[in-house]
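**Student:** Provided herewith is a single structure, encoded as C-alpha coordinates, for subsequent inquiry.
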Amino acid sequence: MKEEKIKVLALLPMELPKEIDLDNTLEAMQNFVGGLIECIALSDTGSEVTLVCNDEGKLLGLPLNRPLWDGADVLAGPGFLAGCDNEGNLTSLPQSAMDFYKEKFRAFIIEI
(Lines give C-alpha, C1' and ligand atoms only; values in the text may rest on other atoms or scores of the structure.)
Protein backbone atom coordinates (compact mmCIF):
# COMPACT_ATOMS: atom_id res chain seq x y z
CA MET A 1 0.00 0.00 0.00
CA LYS A 2 1.39 3.38 -1.03
CA GLU A 3 2.13 5.78 1.83
CA GLU A 4 0.47 9.21 1.47
CA LYS A 5 3.48 10.95 3.03
CA ILE A 6 7.00 9.61 3.28
CA LYS A 7 9.80 10.58 5.66
CA VAL A 8 12.88 11.43 3.60
CA LEU A 9 16.32 12.94 4.11
CA ALA A 10 16.44 16.30 2.34
CA LEU A 11 19.78 17.23 0.75
CA LEU A 12 19.88 20.92 -0.07
CA PRO A 13 22.96 22.81 -1.29
CA MET A 14 24.90 24.47 1.54
CA GLU A 15 22.58 23.03 4.24
CA LEU A 16 22.86 20.17 6.68
CA PRO A 17 20.78 17.09 5.79
CA LYS A 18 17.38 17.15 7.47
CA GLU A 19 14.47 14.77 7.95
CA ILE A 20 11.26 16.01 6.34
CA ASP A 21 7.83 14.64 5.45
CA LEU A 22 7.03 14.79 1.74
CA ASP A 23 3.79 14.01 -0.07
CA ASN A 24 4.31 10.73 -1.94
CA THR A 25 3.28 12.14 -5.31
CA LEU A 26 5.20 12.80 -8.51
CA GLU A 27 4.15 16.46 -8.38
CA ALA A 28 5.53 16.96 -4.85
CA MET A 29 8.81 15.27 -5.80
CA GLN A 30 9.19 17.37 -8.95
CA ASN A 31 8.46 20.54 -6.96
CA PHE A 32 11.10 19.59 -4.40
CA VAL A 33 13.87 19.03 -6.98
CA GLY A 34 12.70 21.80 -9.30
CA GLY A 35 12.03 19.73 -12.42
CA LEU A 36 11.97 16.22 -13.80
CA ILE A 37 13.08 13.62 -11.31
CA GLU A 38 15.78 11.00 -11.64
CA CYS A 39 15.88 8.06 -9.22
CA ILE A 40 19.28 6.54 -8.48
CA ALA A 41 19.71 3.42 -6.33
CA LEU A 42 22.30 3.65 -3.55
CA SER A 43 23.68 0.62 -1.75
CA ASP A 44 25.93 1.98 1.01
CA THR A 45 23.74 0.62 3.81
CA GLY A 46 22.68 -2.72 2.36
CA SER A 47 19.04 -1.58 2.33
CA GLU A 48 17.02 -0.23 -0.56
CA VAL A 49 17.77 3.51 -0.71
CA THR A 50 16.94 5.81 -3.62
CA LEU A 51 18.41 9.23 -4.32
CA VAL A 52 15.81 11.42 -6.03
CA CYS A 53 17.27 14.44 -7.81
CA ASN A 54 16.71 16.78 -10.75
CA ASP A 55 17.33 14.84 -13.97
CA GLU A 56 18.85 17.95 -15.60
CA GLY A 57 20.50 19.50 -12.52
CA LYS A 58 23.97 19.75 -14.03
CA LEU A 59 22.72 20.82 -17.47
CA LEU A 60 20.66 23.59 -15.87
CA GLY A 61 23.66 24.76 -13.82
CA LEU A 62 21.96 24.14 -10.47
CA PRO A 63 24.21 24.74 -7.44
CA LEU A 64 26.52 21.85 -6.64
CA ASN A 65 25.30 20.01 -3.58
CA ARG A 66 27.35 16.98 -2.45
CA PRO A 67 29.87 14.53 -3.87
CA LEU A 68 28.54 11.05 -4.61
CA TRP A 69 30.34 7.72 -4.80
CA ASP A 70 33.46 8.99 -3.04
CA GLY A 71 33.76 11.94 -5.40
CA ALA A 72 33.19 10.08 -8.68
CA ASP A 73 30.12 12.25 -9.33
CA VAL A 74 28.32 15.18 -7.76
CA LEU A 75 24.70 15.99 -6.93
CA ALA A 76 23.59 19.29 -8.47
CA GLY A 77 20.57 21.05 -6.99
CA PRO A 78 18.23 19.74 -4.31
CA GLY A 79 17.66 16.06 -3.77
CA PHE A 80 16.36 13.64 -1.19
CA LEU A 81 16.86 10.08 -0.05
CA ALA A 82 13.90 7.73 0.28
CA GLY A 83 13.36 4.04 0.81
CA CYS A 84 12.14 1.75 -1.93
CA ASP A 85 9.91 -1.33 -1.79
CA ASN A 86 10.26 -4.50 -3.86
CA GLU A 87 7.88 -3.08 -6.48
CA GLY A 88 9.95 0.08 -7.04
CA ASN A 89 7.67 2.43 -5.09
CA LEU A 90 9.27 5.09 -2.92
CA THR A 91 8.74 4.63 0.81
CA SER A 92 9.86 6.31 4.02
CA LEU A 93 13.60 6.03 4.54
CA PRO A 94 14.32 3.50 7.32
CA GLN A 95 15.67 5.22 10.45
CA SER A 96 18.96 3.28 10.30
CA ALA A 97 19.58 4.56 6.75
CA MET A 98 18.41 8.06 7.77
CA ASP A 99 21.03 8.13 10.56
CA PHE A 100 23.77 6.68 8.31
CA TYR A 101 23.26 9.21 5.49
CA LYS A 102 22.68 12.14 7.83
CA GLU A 103 26.17 11.53 9.20
CA LYS A 104 27.72 10.67 5.82
CA PHE A 105 26.49 13.87 4.14
CA ARG A 106 26.75 16.14 7.21
CA ALA A 107 30.24 17.46 6.54
CA PHE A 108 30.11 17.83 2.76
CA ILE A 109 29.95 21.33 1.39
CA ILE A 110 31.10 21.88 -2.17
CA GLU A 111 33.09 25.02 -2.80
CA ILE A 112 33.40 26.42 -6.30
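The values are calculated or read from the model by the stated rules, or taken from the named source; none is laboratory data. In this text the structure is predicted, and so the values were computed from the model without any measurement. Counting neighbours? That spans all protein chains shown, and the Cβs are built from the backbone with ideal geometry, glycine included. With ligands, DNA and RNA removed, areas are computed over all heavy atoms of the protein, side chains included. Shrake-Rupley method; radii C 1.70, N 1.55, O 1.52, S 1.80 Å.
**Student:** Output the residues belonging to segment 66-93 that are more than 15 Å from residue 41 (Cβ to Cβ), open to solvent by less than 70 Å² (accessible area, probe 1.4 Å) and not basic (Lys, Arg).
**Tutor:** Scanning segment 66-93 gives 67, 71, 74, 76, 77, 78, 92.
**Student:** Applying the selection to segment 79-97, what residues are part of a helix (DSSP H, G or I) and free of Cβ contacts under 8 Å to residues at least 12 places away in the same chain?
**Tutor:** Within segment 79-97, just 95 meets the criteria.
**Student:** Still on this structure, please answer the following. So residue 49 passes all but one of these: (1) out of contact with any Lys or Arg (no Cβ under 8 Å at 6 or more places or on another chain); (2) within 17 Å of residue 94 (Cα to Cα); (3) of a type outside the set (Gly, Ala, Ser); (4) open to solvent by 60 Å² or more (accessible area, probe 1.4 Å). Which condition number does it fail?
**Tutor:** For residue 49, the exception is condition (4).
**Student:** Take the residues in segment 61-99 that are of a type in the set (A, V, I, L, M, F, W, C) and out of contact with any strand residue (DSSP E or B) (no Cβ under 7 Å at 6 or more places or on another chain), then tell me which one is farthest from residue 7 (Cα to Cα).
**Tutor:** 72
**Student:** How about segment 1-71: which strands (runs of 3 or more DSSP E) wholly inside it have at least 1 residues that are touching a Ser or Thr at 6+ places or on another chain (Cβ under 7 Å)?
**Tutor:** The qualifying strands (runs of 3 or more DSSP E) are 5-11, 37-42.
**Student:** Turning to a different aspect of this structure: Report every pair of residues separated by at least 6 positions or lying on different chains whose Cβ atoms are under 7 Å apart, first residue within segment 16-41 and more than 14 Å from residue 91 (Cα to Cα), second open to solvent by less than 60 Å² (accessible area, probe 1.4 Å) and part of a loop (DSSP other than H, G, I, E, B).
**Tutor:** Pairs that qualify, where the first residue is more than 14 Å from residue 91 (Cα to Cα) and the partner is open to solvent by less than 60 Å² (accessible area, probe 1.4 Å) and part of a loop (DSSP other than H, G, I, E, B), are 17/105; 32/78; 33/77; 33/78; 34/77; 34/78.
**Student:** Tally the residues that are in contact (Cβ under 8 Å) with a residue 40 or more places away in the chain and farther than 19 Å from residue 7 by Cα, restricting the search to segment 45-60.
**Tutor:** Going through segment 45-60 one residue at a time, the tally reaches 0.
**Student:** Which residue out of 61, 57, 35 is at positive phi and surrounded by 15 or more Cβ atoms within 10 Å (Cβ to Cβ)?
**Tutor:** The conditions single out 35.
**Student:** Related question: Among the residues of segment 64-78, is any at positive phi and charged (D, E, K, R)?
**Tutor:** Within segment 64-78 (the criterion being at positive phi and charged (D, E, K, R)), the answer is yes, since at least one residue qualifies.
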